[in-house]
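The structure appears below as structure tokens.
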Amino acid sequence: MSYIDGFVLAVPTDNKQRFIEHAKTANSVFIEQGALRVMECWGNDVPKGKVNDFYGAVQAKDGETVVFSWIEWPDKATRDAGMGKMEELMKTDPRMNPEKNPMPFDGMRLIYGGFEPVVVLGEGKQ
């Protein structure tokens, strides 16, 4: 069964195209490290909650859009090995170097975690 890294972040809406370009460049590295696919999803129907919501989770400000992303790996071992190489790649690969491919958002407000699927239905189910 696959393994998923999930991310939620707030991106200045005016930086949408910069974000897409950054993601295409950086995400190719995850594929090279064994990821099956990477999805970057630009929020366009994200409701505000009464108690909690995506905006609050990433402290989104006016003029920012919530982005929901995930990386699908074949298994946790492949993910752990791939993510283990990222620190080195941030120093050696310009696609991952924040000085050469700067994040067009505040990475301090990004939330993420690793998840083991427990129910998979539809296309691509295992």
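The values are calculated or read from the model by the stated rules, or taken from the named source; none is laboratory data. Every value quoted in this text rests on a predicted model; they were computed, and no experiment measured them. We place every Cβ from the backbone using ideal geometry, glycine too, and count neighbours over all the protein chains shown. Accessible surface areas use protein heavy atoms only, side chains included; no ligands, DNA or RNA. Shrake-Rupley method; radii C 1.70, N 1.55, O 1.52, S 1.80 Å.
From largest to smallest, the equivalent ellipsoid semi-axes obtained for the chain from the alpha-carbon gyration tensor read 24, 21, 12 Å. By the compact-protein rule of thumb, 2.2 N^0.38 Å, the alpha-carbon radius of gyration of the range 1-68 corresponds to a ratio of 1.25.
Surface exposure of the chain, expressed per residue as accessible area with a 1.4 Å probe, stands at 66 Å². Based solely on its DSSP helices, what 222 nm [θ] is calculated for the chain when runs of n ≥ 4 H residues each add -39,500 (n - 2.57) and the sum is averaged over all residues, nearest 500 deg cm²/dmol? Computed ellipticity for the chain at 222 nm equals -9500 deg cm²/dmol. Positive contributions from Lys and Arg (+1) and negative ones from Asp and Glu (-1), summed over other residues with Cβ under 10 Å from the Cβ of ASP93, come out at +2. Here's the list of lysines a cross-link from LYS85 could span, going by alpha-carbon distance under 26 Å and ignoring same-chain residues fewer than 8 apart: LYS24, LYS76, LYS100. Each residue was assigned an accessible area with a 1.4 Å probe, and for TRP42 the value is about 70 Å². Hey, for a label at ALA57 modelled as a point 7 Å past Cα toward Cβ, could you say which residues of the range 87-126 have their backbone N under 11 Å away? Residues 111-113 qualify, since their backbone N sits under 11 Å from the label point. Under 8 Å for C-alpha pairs, at least 6 residues apart: give me the relative contact order for the chain, rounded to a whole percent. After rounding, I find 46 percent. Positive contributions from Lys and Arg (+1) and negative ones from Asp and Glu (-1), summed over other residues with Cβ under 10 Å from the Cβ of GLU72, come out at +1.
Residues in the range 26-34 carry Karplus couplings, in order, of 5, 5, 4, 5, 5, 4, 4, 8, x Hz; the curve used is 6.51 cos²θ - 1.76 cosθ + 1.60 with θ = phi - 60°, and Gly or Pro positions show x. Fully extending the segment from GLU99 to GLN17 would add 27.7 nm, taking 0.36 nm per residue of separation and subtracting the current Cα-Cα distance. The string of couplings for the range 78-95 from the Karplus curve (6.51, -1.76, 1.60, θ = phi - 60°) is 5, 4, 4, 5, x, 5, x, 7, 5, 4, 5, 5, 5, 8, 10, 9, x, 5 Hz, one whole number per residue in order, with x for Gly and Pro. For ARG37, ARG95, the ranking by accessible surface with the largest value first comes to ARG37, ARG95, using a 1.4 Å probe.
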